[in-house]
Amino acid sequence: MADDLVLDTAIRDWVLIPLSVVMVLIGVLRYFVSKLMRTTQVPDAKVVREGQVVLRARNLRAAANFIPAKSFRSRRVYYGNEENGLLHVPKGQAQNAQAQMLSDPNMAMDMMKKNLSMIIPQTLTFAWVNFFFSGFVAAKIPFPLTQRFRSMLQNGIDLSTVDVSYVSSRSWYFLNLFGLRGLFSLILGEENAMDDTQRMMQMGGFGFDASKSLSAEKDSLDIVQHDWALPRLEQRAEAVLRKLVK
Amino acid sequence: MVGAAEEIQLNRLESQVEHGGGGAWEYLCLVRKLKVRRSEKVLKYGLAILKDPKKRSKLGGEEWTLYEQVSLAAMDCQRLDVAKECINTLQKKFPSSLRVGRLEGMFLEAKGSWADAEKAYSRLLEENPLDQAIHKRKIAMAKAQGNVSSAIELLNKYLETFMADHEAWRELAELYVSLQMYKQAAFCYEELILCQPTIPLYHLAYADVLYTLGGLENLQAAKKYYASTIDLTGGKNVRALYGVCLCSVAINQLSKGRNKEEKDSPDLHSLAAKALVKDYKQRAPTKVSLLTTTLQNMKLLS
């Protein structure tokens, strides 16, 4: 029976605590290493400019009704004309993010560094845990759990008779790997949290396509109906004054 | 922009510090946060903290921020010796920092050695071509030397890249107005209105520019923008009220003989005149007669 299973205190002293301490230390170390390797990204003038153009065009779209029709039309042409409009993207130049990444070795390098600082320590610690602590129970959680948690808590033990509330050492490693995020954000500062899961997500949405947002902005600018708000405001001003004079 | 509540808090802290109630550091932090310019006070209290090693070490890493703040204030008060000391300390701590480099450039500016400052900024820009603050310093330098046209040129170049920077647009508009280039100024004010359509100040300035440009169409537009200023300020802005009166007079003169197109708001100007009289009665009773005769001459008040 599971109740008979008594865990040696030496396991606590030599497996459970060292494993957690090592995970924390590795996290801290990794943070500093990645800080050293991080290159300060010098923003490209073109990228900055495109961002600002989008911002300005968005302003124009939002507040179009506040300027006279003539001014609005001239601006729209300025942004969207086919020759040298700010929002117009020539067909040949619209390169996709993938090509851009390949053409810019810095970008690929950066990504590789990020990945290296994440993957290498992870494989090493996993190998270390596997080698020394594989296949035995390291801890017991003080409440019972259903069978579904077996794969989560008893990774590396292929016994179906062991109670689910026992945690195998390899599972303890995984729990630490993903669960220490809160601790890291405490000791390393809020934004510096070594967040593996978040990083993995970031890798998916890598690279932002400026030309796409430019042309999207152009399209929405093209369909804006200009309706000068000032005559209405004049009437409102009249109402305001009337109230004031009374 | 400084809100009313923050201003009250700032003044309260200032008087507290002045009367020896402590809280100098909090005051300096607030000044920095609100970006207000009270250089004399900052210099006095900041320097007192910096000269006291015990207080200084209590700040920890913030110490360097204080050095920066004090050196800027010292430059503003022409205490160049203090500024130099602060910058030297910072230089020792951060030898290759862009921020300290900027301070050094500003120090050269404060000394009046424009060429050296120019050189320093150009060197910094080579490394960081996209540093907005340095670009702005260069523009300010051109303006300080009285070289408005080159300031405009630089500002235009700056705006080509950072075109969403509405403060730069505002500066450009004011520069154009000072050179009486009203069409260009009007464009800048349009840009400002687009950026922040609810700020009455921009509507007012745009209306001023349109009124100065003249012509029936511009005058009508100017009147509308004065009206929108009235709407946005709740009729509290005297300049806008006067603007409406003057615009309608000028429009009447120009469109004399032709059919009037004043269908939107036929009695806006007379209402504005009445509001003006009421305002004067409340706040400057001695000037009311002056106002009424002027308005009667303009045939706005019967």
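Lysines within cross-link reach of A:K114: Cα-Cα under 16 Å, excluding same-chain residues under 8 positions apart?
A:K35
Structure shown: which of B:K33/B:K183; B:K183/B:K224; B:K223/B:K287; B:K111/B:K143; B:K41/B:K84; B:K44/B:K236 lie over 27 Å apart, alpha-carbon to alpha-carbon?
Working: B:K33/B:K183 36 Å; B:K183/B:K224 18 Å; B:K223/B:K287 25 Å; B:K111/B:K143 16 Å; B:K41/B:K84 19 Å; B:K44/B:K236 39 Å.
B:K33/B:K183; B:K44/B:K236, as the Cα separations exceed 27 Å there.
Calculated FRET efficiency, B:K287 and A:E83, Cβ-Cβ r, R0 56 Å, to nearest 0.05? The partial results should precede the final answer.
Details: r = 57 Å, r/R0 = 1.02.
FRET efficiency, B:K287 to A:E83: 0.50.
Quick one: ranking A:L230, B:L246 by accessible area, 1.4 Å probe, largest first, what do you get?
The ranking, largest first, comes out as B:L246, A:L230.
If you line up the long axis of helix B:132-144 against the longest principal axis of chain B, both from Cα atoms, how many degrees apart are they, to the nearest 10?
Once rounded, the angle reads 70 degrees.
Roughly how many Å² of B:F187 are accessible to a 1.4 Å probe, to the nearest 10?
70
I'd like the mean, over residues of B:232-238, of how many other protein chain beta carbons sit within 10 Å of each residue's own Cβ. Before the final figure, lay out the partial values.
Numbers: counts 4, 2, 5, 7, 2, 0, 0.
Per residue, the average neighbour count from other chains is 3.
Kindly rank B:225-238, A:212-225 from highest to lowest mean number of other beta carbons found within 10 Å of each residue.
Highest-to-lowest ranking by the protection proxy: B:225-238, A:212-225.
When the chain is fully extended, how far beyond the present Cα-Cα distance does B:K299 get from B:E217, taking 0.36 nm per residue of separation? Walk me through the numbers before you get to the answer.
On the way: separation 82, 0.36 × 82 = 29.52 nm, distance 2.19 nm.
Value of the extension gain: 27.3 nm.
Return the calculated 222 nm mean residue ellipticity for chain B, to the nearest 500 deg cm²/dmol, obtained by summing -39500 (n - 2.57) across DSSP H runs with n ≥ 4 and dividing by the residue count.
Result for chain B: -24500 deg cm²/dmol, rounded to the nearest 500.
Below 19 Å, Cα to Cα, which aspartates and glutamates can B:K278 reach? Residues fewer than 8 away in the same chain don't count.
Once the sequence-local aspartates and glutamates are set aside, what remains near B:K278 is A:E238, B:D231, B:D267.
So how tilted is helix B:182-195 from the main axis of chain B? Cα-based, degrees 0 to 90, rounded to 10.
Approximately 70 degrees, to the nearest 10.
FRET efficiency for B:V148 and A:F178, Cβ-Cβ distance as r, R0 = 56 Å, nearest 0.05?
The calculated FRET efficiency here is 0.40.
In what sequence, highest mean first, do B:7-18, A:55-66, B:126-137 appear when ranked by Cβ atoms within 10 angstrom?
Working: B:7-18: 14.4, A:55-66: 19.4, B:126-137: 16.2.
Answer by packing, highest mean first, reads A:55-66, B:126-137, B:7-18.
Under 5 Å between amide H atoms, partner at least 5 residues away or on a different chain: which partners does A:A139 have, H built in plane at 1.01 Å?
For A:A139, the qualifying residues are A:V167.
Which lysines does A:K212 reach when only Cα atoms under 19 Å apart count, and residues fewer than 8 places away in its own chain are ignored?
Answer for A:K212, where 19 Å is the Cα cut-off: A:K46, A:K91, listed by chain and number.
Any idea what angle helix B:114-127 forms with the longest principal axis of chain B, computed on alpha-carbon atoms, 0 to 90 degrees, nearest 10?
80
With charges set only on the Cβ (+1 for Lys and Arg, -1 for Asp and Glu), what does the dipole of chain B come to about its Cα centre, in debye to the nearest 20?
About 800 debye.
The values are calculated or read from the model by the stated rules, or taken from the named source; none is laboratory data. Keep in mind it's a predicted model, so treat the numbers as computed, not measured. Positions of Cβ are backbone-derived with ideal geometry, glycine not excepted, and every protein chain shown enters the neighbour counts. Ligands, DNA and RNA are excluded from the accessible area calculation, which covers all protein heavy atoms including side chains. Shrake-Rupley method; radii C 1.70, N 1.55, O 1.52, S 1.80 Å.
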